[in-house]
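The values are calculated or read from the model by the stated rules, or taken from the named source; none is laboratory data. The shown structure was predicted, so the numbers you read here are calculated from the model rather than taken from an experiment. With ideal geometry, Cβ positions are generated from the backbone for all residues, glycine too; neighbour counts draw on all protein chains shown. Accessible surface areas use protein heavy atoms only, side chains included; no ligands, DNA or RNA. Shrake-Rupley method; radii C 1.70, N 1.55, O 1.52, S 1.80 Å.
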Amino acid sequence: MSLFVGIFGQIKGIPQQTVIQTSVTKEQLSTVYTSLGAIGTGIFGVGSLVMGLLADLLGIRIVFMISGILLAVVSLIVYKSKHLFVRNIIEFE
């Protein structure tokens, strides 16, 4: 299960970083990454609390399945919307 979480996390992360880097000016890039880091830290804290509660209630296997399914859904959305990423990259060249 951990393998699938990692694979889908990478499939989601690479296009996400590409969109950020091609959508923001170099001057604003550090501000955007700082803001995303702060938001991500808050979401990670809440998500850890929720997943911890779910692990106690349902078991760790179910939590890994939920996590993998959520990452697969996000990866599928990114894959189906890949034309948006290509257009953005071409526009900036």
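The phi-based Karplus calculation (6.51 cos²θ - 1.76 cosθ + 1.60; θ = phi - 60°) puts the 3J(HN,Hα) values of the range 42-48 at x, 5, 4, x, 5, x, 5 Hz, whole numbers, x for Gly and Pro. The C-alpha atoms of the chain define a longest principal axis, and helix 2-23 lies at about 30 degrees to it.
At a probe radius of 1.4 angstrom, the accessible area of the chain per residue rounds to 76 square angstrom.
Per the Debye formula on identical point scatterers at the alpha carbon atoms of the chain, with no solvent, log10 I(q)/I(0) at q = 0.20 Å⁻¹ is -1.07. Dipole magnitude for the chain: computed about the Cα centre from +1 point charges on Lys and Arg Cβ and -1 point charges on Asp and Glu Cβ, it is near 220 debye.
Look at the dipole of the chain built from charges on Cβ: of 41, 65, 9, the Cα furthest out on the positive end belongs to 65. Taking only protein heavy atoms and a 1.4 Å probe, the accessible area of the chain is 73% carbon and sulfur.
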